[in-house]
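Peer 1: Shown below is the structure under consideration.
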Amino acid sequence: MRTPPIAIATVLATAAIVTGCSSSSSGSSAPPSTTPTATFDAAGARSAITTSWQTFFNTKTPPATAEGYLEDGANLGPAIAFAARLQRQQHFKENAKVTKIVFIDATTASVTYNLVGTPLQGATGQAVYQGGKWLVSKNTFCGLVEIGSPGKPVPGCN
């Protein structure tokens, strides 16, 4: 079983923090969908964002499933694999606990979260609404992976 990209990013971020700086999903489920409209459903969006983050950052989520919870996930397979290798090297098993969501607009939210099972607590990232789904932003994922792999290029994140 391959480690999902979310776990990899978590390991990298944790490694960077340590050196200075649960919900599980199976199968091919898709991220929850909510549609921003003139009558924006903040409660529904919060639920969808929380589910996406918990699924993406869960080490039990298969990489192919995790891609569906990540902005531009179809193009970030190599970055997800890279992050999984780093996660395995650090022996981290984690998942995300979303603690706060602040909407910047109807398609972007700031997400404060803890990566349970790692030293990364109170981190902030972004969720984006794309293709009818709330996703973990590419910038958030790539930033975590880059922190955990100083000096090494992360495929797809450059």
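Peer 1: Answer yes or no as to whether T3 is more than 26 Å from V102 (Cβ to Cβ), modelled with pLDDT under 50 and surrounded by 22 or more Cβ atoms within 10 Å (Cβ to Cβ).
Peer 2: yes
Peer 1: Every residue in segment 76-130 that is in contact with a Leu (Cβ under 9 Å, 6 or more places away or on another chain), charged (D, E, K, R) and either modelled with pLDDT under 90 or under 17 Å from K152 (Cα atoms) (or both), please.
Peer 2: E94
Peer 1: Here's a follow-up. Any chance segment 33-55 includes a residue that's touching a Phe, Trp or Tyr at 6+ places or on another chain (Cβ under 7 Å), at pLDDT below 90 and under 26 Å from P150 (Cβ atoms)?
Peer 2: Within segment 33-55, not a single residue is touching a Phe, Trp or Tyr at 6+ places or on another chain (Cβ under 7 Å), at pLDDT below 90 and under 26 Å from P150 (Cβ atoms).
Peer 1: Please work out which residue is surrounded by the fewest Cβ atoms within 10 Å (Cβ to Cβ), limiting yourself to segment 68-98 and to residues that are part of a loop (DSSP other than H, G, I, E, B) and not acidic (D, E).
Peer 2: H91
The values are calculated or read from the model by the stated rules, or taken from the named source; none is laboratory data. Since we're looking at a predicted model, the values are computed, not measured. Don't worry about glycine lacking a Cβ; one is built from the backbone with ideal geometry, like all the others, and counts go over all protein chains shown.
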